[in-house]
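The values are calculated or read from the model by the stated rules, or taken from the named source; none is laboratory data. Quick caveat, the model's predicted, so the values are computed rather than measured. Neighbour counts run over all protein chains shown; Cβ positions are idealised from the backbone, glycine included. All accessible areas refer to the heavy atoms of the entire protein, side chains included, with ligands and DNA or RNA removed. Shrake-Rupley method; radii C 1.70, N 1.55, O 1.52, S 1.80 Å.
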Amino acid sequence: MAAWATLTRVQGPPSARPPSGSGQSTDPDTEISGISGGPADPGSGARTVLLAPAQAGEAASAERLAELWKVNGDSAFGDQVADAWIKAQAYRLHTFGTVTRLAGGGELGAESSVTKVFWSDLDVALHQTALEIRGADGELANTWTDGLLFALGGPIYAGTNEIQRNIIAERLLGLPREKSK
């Protein structure tokens, strides 16, 4: 739903493709949206790519949230829904920009920490807003409650947001390293 997954995509003759059942695509024409990466081993024909299921997932969740809000008809949540939808679209476009940069030979840097913090906060906000719109029904088990339970782990796994913010401060903003307590 919202984690990065690493795989190797092989380009070349069928003999160079991953074995069937390896969990990797054996179809050279398979299009995977939201991928980024660079050469895994120069000359090998392999590319290590990062799949961003969250990239598509957050946009889809934002669309589902907008539909939930429309059906509910409660104008009190309009600003929250619009904010979540706009952030999901910004995240989607940012991901495409990253893919484009990496496809052109660029590299991931410390800005990936900004993306991680942005995504994990957005994922939580999307699901919390949906539960608020659902009201008392939001407490019942459904895809939104399941999504929120998963989203609450986002600020922790893949590097806690606190650690990611330290990386942002030190590497992107050039602030001094936090002193040990």
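Against the conditions (1) touching a residue at least 24 places away in the same chain (Cβ under 8 Å); (2) open to solvent by less than 20 Å² (accessible area, probe 1.4 Å); (3) part of a helix (DSSP H, G or I), G154 satisfies every one except (3). Within the span defined as the range 98-116, every residue fails to be within 28 Å of S75 (Cβ to Cβ) and assigned to a loop (DSSP other than H, G, I, E, B).
Of the residues that make up the range 140-157, is at least one out of contact with any strand residue (DSSP E or B) (no Cβ under 6 Å at 6 or more places or on another chain) and on the phi > 0 side of the Ramachandran plot? Steps first, answer last, please.
Of the residues in the range 140-157, the ones out of contact with any strand residue (DSSP E or B) (no Cβ under 6 Å at 6 or more places or on another chain) are 140-157.
Now drop any that are not on the phi > 0 side of the Ramachandran plot, which leaves none.
Among the residues of the range 140-157, not one is out of contact with any strand residue (DSSP E or B) (no Cβ under 6 Å at 6 or more places or on another chain) and on the phi > 0 side of the Ramachandran plot, which makes the answer no.
Could you tell me which numbered condition A141 fails, if it satisfies all but one of (1) in contact (Cβ under 8 Å) with a residue 40 or more places away in the chain; (2) outside any helix (DSSP H, G or I); (3) not polar (S, T, N, Q)? Here A141 meets the rest and fails (1).
Check the range 120-132 and report whether any residue there is touching a Leu at 6+ places or on another chain (Cβ under 8 Å), at pLDDT below 90 and assigned to a helix (DSSP H, G or I).
Going through the range 120-132, the residues touching a Leu at 6+ places or on another chain (Cβ under 8 Å) turn out to be 124, 126-131.
Next, only the ones that are at pLDDT below 90 stay: none.
For the range 120-132, residues touching a Leu at 6+ places or on another chain (Cβ under 8 Å), at pLDDT below 90 and assigned to a helix (DSSP H, G or I): absent.
Would you check if T115 is surrounded by 16 or more Cβ atoms within 10 Å (Cβ to Cβ) and in contact (Cβ under 8 Å) with a residue 60 or more places away in the chain? Break it down into steps so the answer makes sense when it comes.
Working: surrounded by 16 or more Cβ atoms within 10 Å (Cβ to Cβ): yes; in contact (Cβ under 8 Å) with a residue 60 or more places away in the chain: no.
It is false that T115 is surrounded by 16 or more Cβ atoms within 10 Å (Cβ to Cβ) and in contact (Cβ under 8 Å) with a residue 60 or more places away in the chain.
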